[in-house]
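Below is one structure, written out as structure tokens; comments come after it.
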Amino acid sequence: METLDRPITLRQLPIGARILVRARKDWRTAVVSFHGEEKTTLIVCSPSGRTYRLYRTLETELVFEGTIALLKIEGQENWRDNFSKYDVRW
């Protein structure tokens with residue numbers, strides 16, 4: 001029997017899961033905070049030390065690099081080249 005490789009989506013991540021998201025200028029750490037009926041809420045750390053919310057559909061695809069989950073983006077970019085760690089608590 002042949003198995004279908006289906007992409008992993010935000011819907012499949014538990015609350016509290018950590019992922020990397022692409023901001024305008026860099027990659028940032030985010031955490032899954034809520035799954036609604038149509039979208040997931042992500043909490044992202046900002047350079048000022050505060051946090052902000054991003055909303056993405058439940059079907060937003062993830063890409064894994066080893067065990068690190070990244071939100072899928074258009075184009076090819078190595079997140080390590082432009083990763084920013086702003087808050088040591090994250």
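Bear in mind that the values in this text are calculations on the coordinates, not laboratory data. On a predicted model such as this, the values are computed, not experimentally measured, just so you know. Methodologically, a virtual Cβ is constructed for each residue, glycine included, from the backbone with ideal geometry; neighbour enumeration extends over all protein chains shown.
Going by the alpha-carbon gyration tensor, a ≥ b ≥ c the square roots of its eigenvalues, is the stretch 10-71 rounded (a/c under 1.5) or, if a/c is not under 1.5, prolate (a/b greater than b/c) versus oblate? Since a/c reaches 1.5 but b/c is at least a/b, the shape of the stretch 10-71 is classed as oblate. Each Lys or Arg adds one and each Asp or Glu takes one away; over the other residues whose Cβ falls under 11 Å from the Cβ of E61, this sums to +3. Note that the stretch 41-53 has calculated 3J(HN,Hα) couplings of 9, 10, 9, 10, 7, 9, x, 6, x, 8, 10, 9, 9 Hz, one per residue in order, obtained from phi through the Karplus relation 6.51 cos²θ - 1.76 cosθ + 1.60 (θ = phi - 60°); glycine and proline are x.
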